[in-house]
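Below is one structure, written out as structure tokens; the observations come after it.
Any read-out appearing in this document is the output of simple, stated calculations on the displayed coordinates, not a laboratory observation. Please read all numbers here as calculations on a predicted model, not as lab measurements. Here the Cβ positions follow ideal geometry from the backbone for every residue, glycine too, while neighbour counts run over all protein chains shown.
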Amino acid sequence: MNVYTPHKWELSSLTGISDETLQIHFGLYEGYVKNTNLLNERIGELRAAGKNVGSDPAYAELVRRLGWEYNGMRLHELYFDNMTKSPTELKSGKLYDALGAAYGGFDAWKKDFSAVGAMRGIGWAIAYLDPANGQITNHWITEHEMGHPAGFKPIVVLDIWEHAYFRDYKPADRPKYIEAFLANTDWAACEKRLA
Ligand SMILES: [Fe+2]
């Protein structure tokens, strides 16, 4: 079984997202990596002992948690990977056209993506590409694992958990955090995901 190693990012001095928030957030991310590895290890031990029995609550609970920890790990990697301290405005090109295609333009996509991000609850706003037809649509993910369209590719990934913005904004000011995220988005990194 592969063991996952935490990634490192040189993110700091972002617009509207403090270094303190980022540092705490990196620490939370490392917890997901640690727990993904731990789950795989524990499940592996049960399997080796022939105790991988579906009706056993101890085994079932460990397996059930995989979706939460794996997605918590991977989504944070996608989130930090699609932010940059030297952003450039997206004004044209392949990603600009792709994001706007289903929404009548890039600005309309942005408005919709921000609306998804402003939904009540904790989770993620993700612009997902359907590889079957090339269309990008915005999705709400509850916690880390509920709502992912199977087989779709994440293109723009925004963390909407409270830890992502509560140090920098009041709870009711989540739209300001979303605005800050969009000001720091690494569009070039997102465009690469289209390939
Ligand atoms: Fe997070």
Handout entry: Signed unit charges on C-beta, dipole axis of the range 19-81, positive-most listed residue G72, N37, N52
Key = N52
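Looking at the chain, how many pairs of lysines come closer than 15 Å at the Cα, when each pair is eight or more places apart or spans two chains?
Details: K8/K34; K8/K85; K91/K110; K94/K192; K110/K176; K111/K176; K153/K192.
Value for the chain: 7.
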Exercise for the section: Could you tell me which of rounded, prolate or oblate describes the chain, using a ≥ b ≥ c as the square roots of the eigenvalues of the alpha-carbon gyration tensor, with rounded for a/c under 1.5 and, failing that, prolate when a/b is larger than b/c and oblate otherwise? Expected result: prolate
Exercise for the section: Tell me the trypsin sites (Lys or Arg not before Pro) within the range 5-50 that lie in a loop according to DSSP and have at most 11 other beta-carbon atoms within 10 Å. Expected result: K8
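Could you work out [θ]222 nm for the chain from helices alone, using -39500 (n - 2.57) per DSSP H run of at least four and dividing by all its residues? Round to the nearest 500 deg cm²/dmol. Each step should come with its number before you reach the end.
Numbers: 7 runs with 90 residues, N = 195.
Roughly -14500 deg cm²/dmol at 222 nm, from the helical runs in the chain.
Test of understanding: ordering S18, S114, S86, S13 by Cβ neighbours within 10 Å, fewest first, what list do you get? Spell out each step's value before the answer.
Values: S18 15, S114 18, S86 7, S13 11.
In order of increasing Cβ crowding within 10 Å: S86, S13, S18, S114.
Taking the Cα centre of the chain as origin and charging only Cβ (+1 Lys, Arg; -1 Asp, Glu), how large is the dipole, in debye to the nearest 20? Let's see the in-between values first.
Details: 21 positive and 25 negative charges, 45 e Å.
The calculated dipole for the chain is roughly 220 debye.
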Practice task
Would you please give the FRET efficiency between E61 and S12, computed as 1/(1 + (r/R0)^6) with r the Cβ-Cβ distance and R0 = 45 Å, to the nearest 0.05?
Solution key: 0.75
Handout entry: Most mobile listed residue (A125, A183, A108) in the chain, GNM with C-alpha springs under 10 Å
Key = A108
